[in-house]
């Protein structure tokens, strides 16, 4: 899970910068409906992961446990 | 040296094309796709996917070794020849589900190594026996961080929507897919599905929401194209989408209930002794001919296909009209690891030449010329069930392979009586003599056997002039 959260940071940064995708090899029209759906799924997933991150940090704070989250497992994190 | 000929179905991707040259199957990689292909090869992904049976094997050959029309490719690959090219409008439910799952599995495996798929065409999946294999190496390309799944809409149209139509509404998608070879439009499916189907997250998102966003975009509220092009999908979200689709699709089962022939055990009209003689006759033909590729027309659940394989047929492509029987046959091929691919066919209306230039997707007739044929208990369905003249039906069968077994079922048989039960008998010439004469007009009779006096007749024919 924690790798996933750290893995997400660059995506969020890229999204913030409005990084466009090169379409040099995209010979297929992805379709407007599909793009919007994926943008929504992307945003919702991003938000859920951020919420989970803060929830986890909060839990750690109240537990008074200084360990980082490398041992957390079993979270499927489905969108 | 003759020129290689480009496959008429290979034109969409400018990155490369498929050619046939002296019986070999070749794929060009053109300069614009060369960098991507090199990265793919060096990552070890191609070899890994091929070793796992997910991707068709390919070996690099010297591009100068074959005369190709047009400009020179950066790379030239050679693929093994597949036993039979099938199309999504010939797949039963189980085959389509297996193909969809294979596609998702391959996409996930590619993402693990930093690659993705540029499309999701169901035509890029072919079968080796009942095993689906991905055939288009140029669909794999490096993954760009945050990019959306370009093939999502196509995946829905060609895999998910046809599966949902059959699983949730019990309607076969085959006629629709044959008519509209790009697949079933998501908006059309959204209009057909019921309210209760919205309670599935997968259906809600991939069908209803996608259709709504599409129609909303076509109305006044269209976002600018530039903005749409910037849409982002984080890698974990893409992966979750693929995994949840995989889990959902693997849980789908064919709707529509029992079919006429799916209970074959209780549906045969002849005695065990006759069945044993029939098996021995078919077995001896296959053992003598040893056909590399055999077509079993009217394969049902695959009893005689399995028998043919046990007697030395290289691979069997079975065809049947009954979707329930096809799924049982497919499950059997998987379970018993048979080199047997059951496909759907309406023999009175086989797949036509169609698509761009009417040659993109080839018709049944040109694909289905093989080394051996079984046509057991099929002829009466064509002649009596569909009014095809006996001589034409026999000609069509014998055209499939130089040798084979055709079964004649007489009018007195309960199965034929059932076909005639509600209609006038307009077939005074339907008899053994007419059948034998039709065979003899184009082949010689190698062997024949009556399964009972005045009962079913098996003829092992050998076509004049052998292979055509």
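Quick notes on this structure:
- So residue B:73, is it in contact with a helix residue (DSSP H, G or I) (Cβ under 9 Å, 6 or more places away or on another chain) and either within 21 Å of residue B:144 (Cα to Cα) or not in a strand (DSSP E or B) (or both): yes
- Residue B:43 meets the conditions (1) touching a residue at least 60 places away in the same chain (Cβ under 8 Å); (2) buried (at least 19 other Cβ atoms within 10 Å of the Cβ) in every case but one. The failed one is (2).
- The requirement of being away from every other protein chain (no Cβ under 14 Å), crowded, with 20+ Cβ neighbours inside 10 Å, touching a strand residue (DSSP E or B) at 6+ places or on another chain (Cβ under 8 Å) and modelled with pLDDT under 95 is not satisfied by residue B:5.
- Among the residues making up the stretch B:416-446, a single one is surrounded by fewer than 16 Cβ atoms within 10 Å (Cβ to Cβ), over 17 Å from residue B:397 (Cβ atoms) and touching a helix residue (DSSP H, G or I) at 6+ places or on another chain (Cβ under 8 Å): B:429.
- Spans of strands (runs of 3 or more DSSP E) in the stretch B:102-161 with at least 3 residues under 22 Å from residue B:43 (Cα atoms) and touching a residue at least 12 places away in the same chain (Cβ under 8 Å): B:115-117, B:140-142
- Count of the stretch B:318-336 residues which are under 24 Å from residue B:404 (Cα atoms) and not in a helix (DSSP H, G or I): 5
- Helices (runs of 4 or more DSSP H) enclosed by the stretch B:386-457 - at least 3 residues per element that are closer than 26 Å to residue B:276 by Cβ: B:414-420, B:432-440
- For residue B:239, the conditions (1) outside any loop (DSSP other than H, G, I, E, B); (2) in the same structural domain as residue B:373 (by TED's automatic domain parsing); (3) modelled with pLDDT of 95 or more all hold with the exception of (2).
- As for the stretch B:233-242, it holds at least one residue that is within 27 Å of residue B:90 (Cα to Cα) and either within 14 Å of chain A (Cβ to nearest Cβ) or surrounded by 15 or more Cβ atoms within 10 Å (Cβ to Cβ) (or both).
- So residue B:360, is it in contact (Cβ under 8 Å) with a residue 60 or more places away in the chain and surrounded by fewer than 19 Cβ atoms within 10 Å (Cβ to Cβ): yes
- When residue B:14 is tested against (1) within 14 Å of another protein chain (Cβ to nearest Cβ); (2) closer than 17 Å to residue B:127 by Cβ, just one condition goes unmet, and that condition is (2).
- Residue check for residue B:168: part of a helix (DSSP H, G or I), away from chain A (no Cβ under 11 Å) and either under 30 Å from residue B:344 (Cβ atoms) or more than 21 Å from the chain's Cα centre (by Cα) (or both): yes
The values are calculated or read from the model by the stated rules, or taken from the named source; none is laboratory data. Since this is a predicted model, take the numbers as computed values, not measurements. When we count neighbours, we look across all protein chains shown, and the Cβ atoms used for this are built from the backbone with ideal geometry, even at glycine.
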